[in-house]
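The values are calculated or read from the model by the stated rules, or taken from the named source; none is laboratory data. Keep in mind it's a predicted model, so treat the numbers as computed, not measured. Here the Cβ is made from the backbone with ideal geometry for all residues, glycine too, and neighbour counts use every protein chain on show. SASA here: full protein model, heavy atoms, side chains in, ligands and nucleic acids out. Shrake-Rupley method; radii C 1.70, N 1.55, O 1.52, S 1.80 Å.
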Amino acid sequence: MNSYGDKAVLAYSGGLDTSVMISWLREKYGLETVAVLVDAGRAQGLEELRQKALDIGAVEARVVDAREEFARDFVLPSLAANALYEEKYPLVSALSRPLISRILVEVAAETGARTVVHGCTAKGNDQVRFDLGIRALDPSLTILAPAREWGMTRAQALEYAAARGIPVPVGKESPYSIDENLWGRAVDCGPLEDPWQEPPEDAFAFTRSPAAAPDEAAYIELEFAAGRPVALDGGEKGTVELIAALDELAGTHGFGRVDMIENRLVGIKSREVYEAPAALTLVTAHRELEDLVLPRELAHFKRGLERKFADMAYNGGWFDPLMDALRAFMQETQQRVSGTVRLKLFKGSCTVVGRKSPHALYEEALATYGGGDEFSHQAAAGFCELWGLPLEVWARKGSHE
Ligand code: ARG
């Protein structure tokens, strides 16, 4: 037996490429396929897709509802880190790839498969995330990425499928390449490849255009406990449920769209469009609450590490030991991040209008310019004198040059 074994675990999406792969793996490598459909949120028609994999010839097809796992192990740590790649992108796909990698590796262990297969092309970041994720979790597995090696165009893949009775998409095909999960939706390709062209309305699926949003603003309250969002408008909810409700609310008000030029790890710039109403609302609110409860030095230092966290996750390093350390740091900072943030959603904007916490470091008696001021005005002159001493000495010496 070669290093491929006789069975492959495939991250199956139900699309054309991963469907073709089931036949291709048998023809090219003599591998039987165990197809795995992972639901990280927003997945639809999974049972039909599972059946489709079997019809094409998979020896086994599994649906894994990983929504809770995704929320707990990937989304919440990412929120604790306020993670936005290049300050804009909430890592939608970058978070689901390590999750799917972990599930693939588990299924490989259970079924005795020695090969793990993903459908990514050579041009994107997702291949890196799968490759590194799988290797980090079980370096003995062989990884295949057929789309990286087969060199088929879309037309050739369609032809390949038709010749083998593999069902192909009917009707007008979407020009977009889309990936979606609980944390949001990523869209690229088609008309979006021209960075000068405004994204067409049909690129969006769950946000209204700000122009079509209600004329009346909506006020919402998000409650956090130790960094985790636990209630929306007073109603306690689990993370998955809360994100879904918030997506609906913020999306209706036209908030959550991102249109950006992004630096991919593989060296190219690409134009990316995202919809992530809940993710962006939560990061906005969570950051605000941190501003209220974290002491200055910690708050400033954390912001620097947040960037590193986002870069590491984006670049496929979710299982890197540095990420373990960063997650532990973020977790440690969240102990007092409890309280409520009030936000206003209005025609594409999401603005913080109020915040409160039992751990607030804001004290009106210290901050006020009105009566009841408890700030030590006497201490300020001496503080300034010593704080400015090095600068003063520097300035004095310079004047003698
Ligand atoms: N550019 C994003 C990332 O690297 C999104 C990729 C999503 N994939 C897709 N097929 N649209 O995370």
(Q) Need a quick list: strands (runs of 3 or more DSSP E) entirely within the stretch 200-288 having at least 2 residues that are open to solvent by less than 40 Å² (accessible area, probe 1.4 Å) and more than 16 Å from the ligand (Cβ to nearest atom). (A) 218-225, 228-232
Q: Filter the stretch 153-163 for residues that are open to solvent by 60 Å² or more (accessible area, probe 1.4 Å) and either more than 16 Å from the ligand (Cβ to nearest atom) or assigned to a loop (DSSP other than H, G, I, E, B) (or both) and give the result.
A: Thr153, Ala155, Gln156, Glu159, Ala162, Ala163
Q | Top-ranked residue in the stretch 176-199 [being part of a loop (DSSP other than H, G, I, E, B) and within 16 Å of the ligand (Cβ to nearest atom); ranked as most open to solvent (accessible area, probe 1.4 Å)] | A | Pro195
**Q.** Exclusive hit being within 13 Å of the chain's Cα centre (by Cα) and more than 25 Å from Val230 (Cβ to Cβ), set Glu60, Glu32, Glu48, Glu86
**A.** Glu86
Q) Are any of the residues in the stretch 32-51 touching a residue at least 60 places away in the same chain (Cβ under 8 Å), among the hydrophobic types (A, V, I, L, M, F, W, C) and within 18 Å of Glu149 (Cβ to Cβ)? A) no
Q: Look at the stretch 40-95 and say how many of its residues are in contact with a Phe, Trp or Tyr (Cβ under 6 Å, 6 or more places away or on another chain) and away from the ligand (no atom under 15 Å from the Cβ).
A: 2
Q) Of the residues that make up the stretch 350-365, is at least one over 30 Å from Ala213 (Cα atoms) and in a helix (DSSP H, G or I)? A) yes
Q: Can you give me the number of residues within the stretch 289-318 that are open to solvent by 20 Å² or more (accessible area, probe 1.4 Å) and either under 26 Å from Arg102 (Cα atoms) or within 16 Å of the ligand (Cβ to nearest atom) (or both)?
A: 6
Q) Restricting attention to the stretch 4-38, which residues are part of a helix (DSSP H, G or I) and open to solvent by less than 20 Å² (accessible area, probe 1.4 Å)? A) Leu16, Thr18, Ser19, Val20, Met21, Ile22, Ser23, Leu25
Q: Considering each of Ile143, Ile166 in turn, give the residue that is out of contact with any strand residue (DSSP E or B) (no Cβ under 7 Å at 6 or more places or on another chain), open to solvent by less than 50 Å² (accessible area, probe 1.4 Å) and of a type in the set (Val, Ile, Thr).
A: Ile166
Q) Among the residues of the stretch 319-335, is there at least one that is open to solvent by 40 Å² or more (accessible area, probe 1.4 Å) and under 17 Å from Glu87 (Cβ atoms)? A) no
**Q.** Matching residues, the stretch 336-352, being out of contact with any Phe, Trp or Tyr (no Cβ under 6 Å at 6 or more places or on another chain), open to solvent by 50 Å² or more (accessible area, probe 1.4 Å) and not hydrophobic (A, V, I, L, M, F, W, C)
**A.** Arg336, Arg342, Lys347, Thr351
